[in-house]
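This is the structure I have questions about; it appears just below.
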């Protein structure tokens with residue numbers, strides 16, 4: 001559909017922008033939570049646990065999609 005150069009540029013741009021947004025905002029939100037809930041550990045634990053759960057769901061969804069794609073290829 002698109003040339004290889006365009007595909008690689010688009011995926012690289014999406015990856016870098018998402019990395020900058022998530023990588024930049026995560027410590028900022030963690031610092032804000034630590035400041036807002038002084039002396040309490042649970043807000044940061046909940047925040048980072050939600051991030052971990054989101055990552056797990058995404059990995060499982062990608063693994064499932066990959067497995068379904070492999071089944072279609074073999075059929």
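The values are calculated or read from the model by the stated rules, or taken from the named source; none is laboratory data. Remember, predicted model here, so these are calculated numbers, not experimental data. Note that we place each Cβ from the backbone using ideal geometry, even for glycine, and neighbour counts take in every protein chain shown.
One residue is enough: does region 53-75 have a residue meeting the conditions in a helix (DSSP H, G or I), touching a helix residue (DSSP H, G or I) at 6+ places or on another chain (Cβ under 8 Å) and surrounded by 10 or more Cβ atoms within 10 Å (Cβ to Cβ)? Reasoning before the result, please.
Kept after step one, since they are in a helix (DSSP H, G or I), are these residues of region 53-75: 53-74.
Okay, now just the ones that are also touching a helix residue (DSSP H, G or I) at 6+ places or on another chain (Cβ under 8 Å), so none.
Within region 53-75, not a single residue is in a helix (DSSP H, G or I), touching a helix residue (DSSP H, G or I) at 6+ places or on another chain (Cβ under 8 Å) and surrounded by 10 or more Cβ atoms within 10 Å (Cβ to Cβ).
So which pairs qualify, if the first residue must be in region 1-28 and modelled with pLDDT under 90, the second must be assigned to a helix (DSSP H, G or I), the Cβ gap must be under 8 Å, and the two must be at least 6 apart or on different chains?
Hits for this filter: 2/10.
Give the residues of region 1-44 that are outside any helix (DSSP H, G or I) and surrounded by 11 or more Cβ atoms within 10 Å (Cβ to Cβ), sorted by residue number.
Matches in region 1-44: 37, 40.
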